[in-house]
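Asks: One structure is given below, represented as structure tokens, and several questions about it will come after.
Just so it is clear, none of the values below were taken in a lab; they were calculated from the coordinates. Keep in mind it's a predicted model, so treat the numbers as computed, not measured. All Cβ positions, even for glycine, are placed from backbone atoms using ideal geometry, and neighbour counts span all protein chains on display.
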Amino acid sequence: MLDAKMPEAWRVLRIQSELVDGIERLIALSGAVTVFGSARFPEDSPEYRQGVRLGELLAAEGISVITGGGPGLMEACNRGAYPQPGASIGLNIELPFEQKANPYQDISLHFRYFFVRKFMFVKHAVGFVGLPGGYGTLDELFEALTLVQTHKVRRFPIVLVGKRYWSGLHDWLVDTVLERGCIDASDLDLFRIVDTVDEAAEVIIEYIKERE
């Protein structure tokens, strides 16, 4: 019985190690913006170019930018932030596909466990930006919305870029989720949809300046 429990005991130690390493490596951050988006957009796509500009706009203001550290829109945002005063940070995860650490990271952390990585996404966040993405982006979006809704974290701006991309989700929340009483009308105010990364950056930068 004892031998059977040993792998679980080692897993706890690995989890603890990831938490300690992540906290120590990011302890100097006074606030950062976490950006999510698909790993599947190529470098020549308009979405990739938007990601680069978003990283530039935020990091030029000295704001640290955190992404999942992989390719696609994560790479784009890190790439835009990398030459700027704000730190470019990647929280990488071990996956069988799609995840390969991009080279535009001042701080690069590697995680085995999603829930530890998700904790680090939120711990230093003063804003979330969602670029077009899939299940992972939706997972992080609803994680953030739930934490703010339940007052587990201080409310911060959650901005989704691309009205055409995100309007269907908003309509479903209004027409189905709100209609069935599963959320309150005020819960729809926890996020904002904008058309451009310039608008998203403006929302975040204004919030940070008011917060100081």
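Asks: For the stretch 105-211, what number results from the quotient of the Cα radius of gyration and 2.2 N^0.38 Å?
Replies: Output field value: 1.12.
Asks: Under the rule of at least 5 residues apart or a separate chain, name every residue whose amide H is placed under 5 Å from the amide H of residue 162.
Replies: Residues meeting the criterion, in which the H sits 1.01 Å from N, are 194, 195, 196.
Asks: Then there's this: Roughly what would the spin-label model give for residue 179 and residue 40, points 7 Å off Cα along C-beta, in nm?
Replies: 2.8
Asks: For the chain, state the semi-axes of the equivalent ellipsoid (square roots of 5 times the eigenvalues of the alpha-carbon gyration tensor), sorted largest first and rounded to whole angstrom. Intermediate results must be reported in sequence, preceding the final value.
Replies: Working: eigenvalues 146, 101, 60 Å².
In descending order the semi-axes read 27, 22, 17 Å.
Asks: Please compute the length gained on full extension between residue 151 and residue 106, using 0.36 nm multiplied by the number of residues separating them and subtracting their Cα-Cα distance.
Replies: Stretched out fully, the residue 151 to residue 106 stretch lengthens by 13.1 nm.
Asks: Okay, moving on. Report, ordered by chain and residue number, the aspartates and glutamates lying within cross-link reach of residue 209, taken as a straight Cα distance under 20 Å and ignoring same-chain residues fewer than 8 apart.
Replies: Leaving aside aspartates and glutamates fewer than 8 places away in the same chain, those within reach of residue 209 are 56, 61, 198, 199.
Asks: Once you place label points 7 Å from the Cα toward the Cβ at residue 210 and residue 10, how far apart are they in nm?
Replies: 5.1
Asks: Okay, moving on. Given H placed on each backbone N at 1.01 Å, which residues far from residue 100 in sequence or on other chains put an amide H within less than 5 Å of it?
Replies: none
Asks: Now, a different point. The stretch 115-212: which trypsin sites (Lys or Arg not before Pro) are DSSP loop and have at most 12 other beta-carbon atoms within 10 angstrom? If you can, show how the numbers build up before the last one.
Replies: Details: sites: 117, 118, 123, 152, 154, 155, 163, 164, 180, 192, 209, 211; in loops: 152, 154, 155, 180.
The qualifying sites are 152, 154, 155, 180.
Asks: For residue 123, which aspartates and glutamates qualify as cross-link partners when the Cα separation must be under 19 Å and same-chain residues fewer than eight apart are set aside?
Replies: Cα-Cα hits under 19 Å: 18, 21, 24, 106, 139, 140, 143, 212.
Asks: With an 8 Å Cα cut-off and a minimum separation of 6 or more residues, compute the relative contact order for the stretch 64-212 in percent.
Replies: Relative contact order comes out at 17 percent.
Asks: Here's another thing I want to ask about it. Rank 177, 148, 197 by mean-square fluctuation in a GNM of the chain with C-alpha springs under 10 angstrom and give only the top-ranked residue.
Replies: 177
Asks: Give the peptides 83-90, 41-48 in descending order of average Cβ contacts within 10 Å, highest first.
Replies: In decreasing order of mean packing, 83-90, 41-48 become 83-90, 41-48.
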